[in-house]
Amino acid sequence: MRIDLHTHSNVSDGTDTPTRLVLEAAEADLDVIALTDHDTFGGLVEAQEAGRRHGVRVLTGIEMSADRDGRSVHVLGYGCDVRDPGLLAELTRMREARRQRVPQMCARLRDLGIAITMDDVLMQARGAVSLGRPHVADVLVAAGVVGSRTEAFEQFLAEGRPAYVPRYATELGRAIDLLHAARGVAVLAHPWGRQSRSVLPAPYIEELVHLHGLDGIEVDHQDHDSHTRSLLFEMGARLGLVRTGSSDYHGAGKVDHELGCNLTRPTAYRELLARIRGRGGAVPR
Ligand code: AMP
Ligand code: ZN
Ligand code: FE
Ligand code: FE
């Protein structure tokens, strides 16, 4: 069984349609994927329909934005009721904050002598319901200002760079509670990737387990080197967490994140499904 539990479509900041993503997953010999778009369930009906046609199980997923002391972190939700009113209201609030941030980023860029507008970003993002910095990055690439999304982040859009604008996100403990209230489970995405090692130190992760019933952590992720992976693997075992692996695929939007480049072990997947069932949530077939 080949299982990849973290992927994005163009309903958020991936570049493949949900159908295309599933086709690519079948091509990559994956048996199970989770579609985990940022702050939206919008691509799931299409992905699950495509999954039935192409023999790929599609687990209901989401990558929720969250806030830990003013720093941005991500939490993956699996098996949630996609109609849960409490969760949906919070996701709507975050997508609205994402949208409101775009003109602010454009204004920062204008101050730097780069003339791009909200309309340019909306055109670039086509049907995306969840707007993100990668869509602004794509406009900068199309305008020839930078060569890639990565370069756009490094020069302008990453935290601490001149066009960075913060936005509202759910407090992390509350995000986990909301996922549970929607009968899903919560897994910390790339907890020690990029700069998040200092944002999510081990004692704090332990607190999330005890106070909020955190279910798992992503271990095998491209943003974790092999030493980090072994530390997380051991910590997860000590805390009784499900330890997952994934590509965090964004189509052409992210290099070195090919589908299936990291996988979730079948035993971990079964553990995750058992936890979802325990919450009364939805598992594929
Ligand atoms: P946002 O949702 O607007 O906060 O933007 C976060 C998204 O941008 C995530 O999906 C990341 O994968 C992507 N991202 C963050 N940093 C970088 C980077 N340095 N290069 C490319 N993509 C990035
Ligand atoms: Zn993304
Ligand atoms: Fe993420
Ligand atoms: Fe992601």
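For region 104-129, residues that are outside any helix (DSSP H, G or I) and buried (at least 17 other Cβ atoms within 10 Å of the Cβ) total 3. Please tell me if ASP177 is touching a His at 6+ places or on another chain (Cβ under 7 Å), under 22 Å from ARG95 (Cα atoms), of a type in the set (D, E, K, R) and modelled with pLDDT of 95 or more. For ASP177, the condition - touching a His at 6+ places or on another chain (Cβ under 7 Å), under 22 Å from ARG95 (Cα atoms), of a type in the set (D, E, K, R) and modelled with pLDDT of 95 or more - is met. Listed by first and then second residue, the pairs linking a residue in region 249-270 that is closer than 16 Å to TYR78 by Cβ to a residue that is aromatic (Phe, Trp, Tyr) and surrounded by fewer than 21 Cβ atoms within 10 Å (Cβ to Cβ), with Cβ atoms under 7 Å apart and 6 or more places separating them unless they lie on different chains, form an empty list.
So, in region 203-227, how many residues would count as being assigned to a helix (DSSP H, G or I) and either under 24 Å from PHE153 (Cβ atoms) or open to solvent by 30 Å² or more (accessible area, probe 1.4 Å) (or both)? Please lay out each step first, then the result.
Step one: list which residues in region 203-227 are assigned to a helix (DSSP H, G or I), which gives 203-212, 226-227.
Then drop every residue that is not either under 24 Å from PHE153 (Cβ atoms) or open to solvent by 30 Å² or more (accessible area, probe 1.4 Å) (or both), which leaves 203, 206-207, 210-212, 226-227.
Final tally of qualifying residues: 8.
So the check is Cβ under 7 Å with 6+ separation or different chains; which pairs have a first residue in region 130-144 that's farther than 13 Å from HIS38 by Cα and open to solvent by less than 20 Å² (accessible area, probe 1.4 Å) and a second one that's within 16 Å of ligand 3 (Cβ to nearest atom) and in a helix (DSSP H, G or I)? From region 130-144, the pairs are VAL136/LEU157; ALA137/ARG149; ALA137/PHE153; ALA137/LEU157. The residue that is farthest from ILE33 (Cα to Cα), counting only those in region 64-107 that are within 16 Å of ligand 2 (Cβ to nearest atom) and of a type in the set (Val, Ile, Thr), is VAL102.
THR92 passes every criterion in (1) over 18 Å from the mean Cα position of the chain (by Cα); (2) open to solvent by 10 Å² or more (accessible area, probe 1.4 Å); (3) without any contact (Cβ under 8 Å) to a residue 24 or more places away in the chain apart from (1). Return yes or no: is LEU239 farther than 15 Å from VAL58 by Cα and open to solvent by 10 Å² or more (accessible area, probe 1.4 Å)? Yes, satisfied.
Scan region 169-199 for residues that are touching a strand residue (DSSP E or B) at 6+ places or on another chain (Cβ under 6 Å), among the small types (Gly, Ala, Ser) and not in a helix (DSSP H, G or I) and the total you get is 4.
Among the residues of region 130-156, write down those that are of a type outside the set (Lys, Arg), within 16 Å of ligand 4 (Cβ to nearest atom) and part of a helix (DSSP H, G or I).
Our first condition is that a residue be of a type outside the set (Lys, Arg); within region 130-156, this holds for 130-132, 134-148, 150-156.
Remaining after also requiring within 16 Å of ligand 4 (Cβ to nearest atom): 130-132, 134-135, 137, 150, 153.
Selection gives PRO134, HIS135, ALA137, THR150, PHE153.
Considering VAL82, VAL75, the condition of being at pLDDT 95 or above, within 16 Å of ligand 1 (Cβ to nearest atom) and either crowded, with 22+ Cβ neighbours inside 10 Å or in a loop (DSSP other than H, G, I, E, B) (or both) is satisfied by VAL75 alone.
Quick one: which of GLY55, GLY70, GLY51, GLY61 is modelled with pLDDT under 95 and either more than 16 Å from ligand 3 (Cβ to nearest atom) or surrounded by 22 or more Cβ atoms within 10 Å (Cβ to Cβ) (or both)? Break it down into steps so the answer makes sense when it comes.
Working: GLY55 fails: modelled with pLDDT under 95; GLY51 fails: modelled with pLDDT under 95; GLY61 fails: modelled with pLDDT under 95.
From the options GLY55, GLY70, GLY51, GLY61, the qualifying one is GLY70.
Output the number of residues of region 1-46 satisfying the condition of being in a helix (DSSP H, G or I) and more than 16 Å from ligand 1 (Cβ to nearest atom). Here the count works out to 12.
If you take the residues in region 15-42 that are farther than 25 Å from PRO266 by Cβ and not β-branched (Val, Ile, Thr), which one is nearest to ligand 3 (Cβ to nearest atom)? Selected residue: HIS38. The residue pairs whose first member lies in region 11-34 and is open to solvent by 40 Å² or more (accessible area, probe 1.4 Å) and within 16 Å of ligand 2 (Cβ to nearest atom), whose second member is modelled with pLDDT under 95 and aliphatic (A, V, I, L, M), and whose beta carbons are closer than 7 Å, counting only pairs six or more residues apart or on different chains, are THR15/ALA252.
The values are calculated or read from the model by the stated rules, or taken from the named source; none is laboratory data. Owing to the predicted nature of the structure, the values given are computational and were not obtained by experimental measurement. Every residue, glycine among them, receives a Cβ derived from its backbone with ideal geometry; neighbour counts consider all protein chains shown. For accessibility, only protein heavy atoms count, side chains too; no ligands or nucleic acids. Shrake-Rupley method; radii C 1.70, N 1.55, O 1.52, S 1.80 Å.
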